[in-house]
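A.B. asks: The following block contains the structure, expressed as structure tokens.
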């Protein structure tokens, strides 16, 4: 077995934007275990996150600042001699994008080119840059065209989708032979798991209700098809991509990587699994009634992804079935909610 000191990530200086989010926190946790030095940009000290719930904040360097501050990024990269960057920060809520497109464009587009321009001006120690995009960059394709392929044209329509597609293309421009920055773009399907504390998302919201800490109100009819991928599988893939990009930048630079399970699940089926695995089967009928006849606006009807290219390049495939990942997620929320909210009335 390889010792930690022989691990690629041991002693690396890693910058994670969006470190106080669900994916960023889980990625930081894995990198801490590998002996990396972690620097994270946060907009504000929001304590109700995985980073603080598991005391990961005590093992990293947090830097408060704005995602669009190019000068701040330049100082971090040059002063901390950053080797690897994971750009995860974004305004990710589809509903917020519809209500406030300006905020979404500022965060997701300007935030991306501010970071990449700072890297272009300070490339000396940079080995790898992984920019997190989304399957929604592709826009709406008919079901028969699924799963999405990396060479599909981007056809976004709604503000969030458009913002991520723009960030994709900006990232690819910085990876061309003009600048030669070691950048790849990842487009993953819907990620879920422990530490997802955005309670507007389907799993945290429904699990919280099923565990007795609130009420779940579905926002659509549940007929949309989605591809749900477990966070541990995603973190494992990020680490493989970052390592191989750092070791062989000329081989991987400028690539797009999709990753999902290639097994679409309807939102209503996903919810049924939550209610069943938490022992609330008898309550699910009421949820079905609330969903019946509802319309869902501003969302794509069918999305799922395979993993052919990442399997070929990195030997990766998802290890968790949907229900196995969901079971682990429920167990984590049992711990978190009992610790965080001793009084169930806190959610009322």
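A.B. asks: Quick one: grab the alpha carbon gyration tensor of segment 109-205, order the square roots of its eigenvalues as a ≥ b ≥ c, and give me rounded if a/c is under 1.5, else prolate or oblate depending on whether a/b is larger than b/c.
C.D. replies: Oblate shape, in that a/c is at least 1.5 and b/c is the bigger or equal ratio.
A.B. asks: So for the chain: antiparallel DSSP bridges make up what percent, rounded to the nearest 5?
C.D. replies: If I count the DSSP bridges inside the chain, around 5 percent turn out antiparallel.
A.B. asks: In 5 Å bins starting at zero, report the fraction of Cα pairs in segment 224-282 per bin as a rounded %.
C.D. replies: Result returned by the calculation: 4, 15, 16, 16, 15, 11, 8, 7, 5, 3, 1, 0.
A.B. asks: Moving on. If r is the Cβ-Cβ distance from residue 144 to residue 58 and R0 is 35 Å, what FRET efficiency results, to the nearest 0.05?
C.D. replies: The value I calculate is 0.10.
A.B. asks: Roughly how many whole Å is it from the C-alpha centroid of segment 129-203 to that of segment 223-289?
C.D. replies: Cα centres, segment 129-203 to segment 223-289: 14 Å.
A.B. asks: Now for a different question. What Kirkwood hydrodynamic radius, in Å, does the chain give when the mean of 1/r is taken over all pairs of distinct Cα atoms and then inverted?
C.D. replies: 20.7 Å
A.B. asks: Taking 7 Å along the Cα-to-C-beta vector as the label spot, tell me the residue 198-residue 308 distance in nanometres, rounded to one decimal.
C.D. replies: So the label points at residue 198 and residue 308 sit 3.0 nm apart.
A.B. asks: Another one. I need the shape label for segment 225-348. Rule: rounded when a/c is under 1.5, else prolate if a/b > b/c, else oblate, with a, b, c from the alpha carbon gyration tensor.
C.D. replies: Verdict is prolate for segment 225-348.
A.B. asks: Working from the alpha-carbon coordinates of segment 251-310, get Rg over Rh, Rh being the Kirkwood radius.
C.D. replies: 1.16
A.B. asks: Quick one: 216, 73, fewest Cβ neighbours within 10 Å first, how do they rank?
C.D. replies: Fewest to most other Cβ atoms nearby, the residues stand as 216, 73.
A.B. asks: Measure nothing fancy, just the Cα-based angle from helix 70-79's long axis to the longest principal axis of the chain, in degrees from 0 to 90, nearest 10.
C.D. replies: 60 degrees
A.B. asks: What is the spin-label model distance, in nm, from residue 340 to residue 215 if the labels are put 7 Å beyond Cα along the C-beta direction?
C.D. replies: With each label point 7 Å from Cα toward Cβ, the separation is 2.1 nm.
A.B. asks: If you take every DSSP beta bridge fully contained in segment 79-217, what fraction is antiparallel? Give it as a percent rounded to 5.
C.D. replies: 0 percent
A.B. asks: Here's another thing I want to ask about it. Which value in nm describes the separation of the simple spin-label points at residue 121 and residue 32, placed 7 Å from the Cα toward the beta carbon?
C.D. replies: Calculated label separation equals 3.2 nm.
Read-outs throughout are calculated quantities, based only on the coordinates presented, and are distinct from any laboratory measurement. Source: prediction; values computed, not measured. Don't worry about glycine lacking a Cβ; one is built from the backbone with ideal geometry, like all the others, and counts go over all protein chains shown.
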